[in-house]
Structures are given as structure tokens and as C-alpha cells.
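The values are calculated or read from the model by the stated rules, or taken from the named source; none is laboratory data. Note that this is a predicted model, so its numbers are computed, not measured. Backbone-built Cβ (ideal geometry, glycine too); neighbour counts: all protein chains shown.
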Amino acid sequence: MCGNRHAEITDLPESGAEGVLAGPAESGIFAARSMRIDILSAVPRLLDSWFGESILQRAQQKGLVEVVVHDLRQWSTDKHRRLDDNPFGGGAGMVMAIEPIHRAITQLKSEREYAEVIYLSPDGQLLDQPLANQLSTKGNLIMLCGHYKGVDERVREHLVDREVSIGDYVLTGGELAAAVLCDTIIRIIPGVIGDETSALSDSFQDGLVAPPTYTRPADYQGWKVPDVLLSGHQAKVDEWRHQQAVERTRQRRPGLLSGEE
Ligand code: 6GU
């Protein structure tokens with residue numbers, strides 16, 4: 001790799017995971033092979049702990065996905081390793097310069113194939129479950145985290161294939177958005193979460209929010225679990241869950257039913 005400290009932390013050896021995953025691939029929402037995500041950031045330490053923990057780390061250890069966080073400064077030619085500069089035409093805020101970003105993307109693309117370069121930006125395409133499903137079927141991805149007042153427009157015009165936002169609010173940088181995007185993509189790769197069907201029954205996967213769930217005890221100080229869930233009658237349970245999902249969606253997110261969101 002590039003030998004930088006951050007790349008080492010999350011870098012894992014190439015594993016032989018290709019071809020291991022069969023079955024769910026035909027549903028069309030799963031990647032059927034190992035995927036690599038390279039994240040370009042001016043503040044890579046923000047992401048190290050995120051990818052070093054939890055389900056995402058286990059996914060990497062299993063060889064299902066490899067996430068490599070890069071410090072963009074390693075591609076800066078400036079003697080102070082700066083990434084930003086003043087905007088042409090004046091005004092407040094600094095702009096991320098094109099050169100280090102171009103050098104980073106060019107180097108990565110010389111090392112392997114990438115399906116897409118994604119720029120995390122508040123004015124990008126809104127992230128939703130269908131987009132996460134779609135991206136999880138792609139090959140390797142590069143994610144570019146914006147900072148300061150944004151990036152030089154030529155980065156967006158010439159180096160980026162897609163721009164993604166995680167919601168209608170502004171973050172200080174794209175790192176949290178990249179972490180969110182990675183999480184949604186990685187968790188639906190088969191084998192990443194324990195029960196493969198559970199990613200399919202998530203809220204939003206079928207355009208509905210999830211039905212209520214319960215576990216023991218069946219009666220907690222008089223607060224009871226619905227009888228149908230204790231009935232042992234699976235068809236009735238399934239029907240109840242579907243009805244609950246529809247009703248909850250109608251109450252909480254009516255736009256999902258009417259196709260307005
Ligand atoms: Cl991708 N970046 C920033 N800076 N703010 C955001 C965002 C991204 N998505 C929502 N807000």
C-alpha cells in the first residue's frame with residue numbers, strides 16, 4: 001500500500017473470499033465477492049476507531065470487505081502538507097485543491113480497478129436503502145471526504161462519478177458521512193451480520209418500517225407480548241408482522257407508502 005500509518009491500521013491481507021459467497025447474490029442486492037473501499041480524508045484519525053471496532057472490523061477480518069483510510073496529505077506537494085487554498089474571486093473559507101486529490105485517485109486507480117469515485121457532499125444524491133443496495137453490488141469504491149468550504153469544482157467535474165449526501169443538514173466534514181455510507185453498504189454483504197435474512201427484513205428494505213419485536217419475558221410486570229407471537233403459528237406471525245409494518249409506516253412515514261419519499 002502507500003505505507004502510511006492509517007493505511008496500516010485498517011489494511012488487511014488480501015483474502016480468498018472471492019467466490020465464497022453464493023445464494024443471496026441472485027436477489028440482486030448483495031455483492032458476491034470481496035469489496036475494497038478506499039477513503040480519502042484530510043482527518044483520517046476520525047475514521048480509524050470507527051473501522052477498527054465492531055461489526056465492520058469483523059467483516060474485514062472475515063475478508064468480506066477491506067476498508068483502507070488514507071491521509072490525503074501524503075499526496076500534498078506543499079512543503080507544509082496543506083490541502084486547501086484561498087478561493088479565486090475572494091470570499092470566506094478555504095477550498096480543497098485539486099492536485100493532491102488527483103494524485104491520490106490516480107495512484108489508487110493504477111493499483112486496481114474501481115467501480116466508482118464517490119464524493120461525500122451535502123448537495124449530493126440523498127442516501128437511502130435502494131442506493132446502499134445498489135452500491136453494495138459494485139466493485140471497489142473510492143470515497144472522497146470534503147472539508148473546509150468544499151473542493152475545487154474541477155474535482156467534481158472530472159474526478160468524481162457520484163456525489164452522495166446523508167441528509168439535509170450540514171456536517172463539518174464528509175468523514176461521518178463516509179462512515180455512514182460504508183456501514184449501510186457493508187452490513188448487507190452476506191456473512192457480515194450473523195443472520196443473513198435479517199438485513200433483508202430491515203426497516204426500508206421492503207419500503208416499510210420494521211414491525212415491533214419482543215423477547216423474554218412474555219409478561220414483564222403486566223406488560224405483555226402480543227399473543228400471536230407466542231402462538232407458534234408462523235403464518236399468523238408473518239401476517240401480523242406485515243400488518244404492523246404497514247400500520248407503522250402509515251403512522252410514522254406515510255410518504256413511503258404514497259411513493260413521495
Ligand atoms: Cl456528505 N458532507 C457534509 N459536510 N455534510 C453533510 C453531508 C456530507 N451529508 C449531509 N450533510
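Restricting to segment 134-156, name every residue that is in a loop (DSSP other than H, G, I, E, B), more than 14 Å from the ligand (Cβ to nearest atom) and either over 18 Å from the mean Cα position of the chain (by Cα) or farther than 21 Å from ILE105 by Cβ (or both). Listed by number, the residues that qualify are THR137, ASP152. Considering only residues that are among the hydroxyl-bearing types (Ser, Thr, Tyr) and in contact with a helix residue (DSSP H, G or I) (Cβ under 8 Å, 6 or more places away or on another chain), look in segment 83-120 and name the one that is surrounded by the most Cβ atoms within 10 Å (Cβ to Cβ). That would be TYR119. Name the residue that is nearest to VAL117 (Cα to Cα), counting only residues in segment 164-211 that are part of a helix (DSSP H, G or I) and away from the ligand (no atom under 16 Å from the Cβ). The residue in question is ILE186. Among the residues of this structure, LEU159 does not count as one that is under 18 Å from GLN125 (Cβ atoms), hydrophobic (A, V, I, L, M, F, W, C) and either within 10 Å of the ligand (Cβ to nearest atom) or within 12 Å of the chain's Cα centre (by Cα) (or both).
May I ask you to list pairs of residues, at least six apart or on different chains, whose Cβ atoms are under 8 Å apart, with the first in segment 48-73 being among the aromatic types (Phe, Trp, Tyr) and the second being surrounded by 18 or more Cβ atoms within 10 Å (Cβ to Cβ)? These pairs meet every condition: TRP50/LEU56; TRP50/ALA179; PHE51/THR10; PHE51/GLN60; PHE51/VAL67; PHE51/VAL69; PHE51/ALA179; PHE51/CYS182.
Selection over segment 116-132 of residues that are part of a strand (DSSP E or B) and within 9 Å of the ligand (Cβ to nearest atom) gives a count of 7.
Based on what the data block shows, is THR77 in a loop (DSSP other than H, G, I, E, B), among the hydroxyl-bearing types (Ser, Thr, Tyr) and surrounded by fewer than 18 Cβ atoms within 10 Å (Cβ to Cβ)? So THR77 fits the description; yes. Residues that are more than 15 Å from the chain's Cα centre (by Cα) and assigned to a helix (DSSP H, G or I) were ranked within segment 49-71; the one that is modelled with the highest pLDDT is GLN61.
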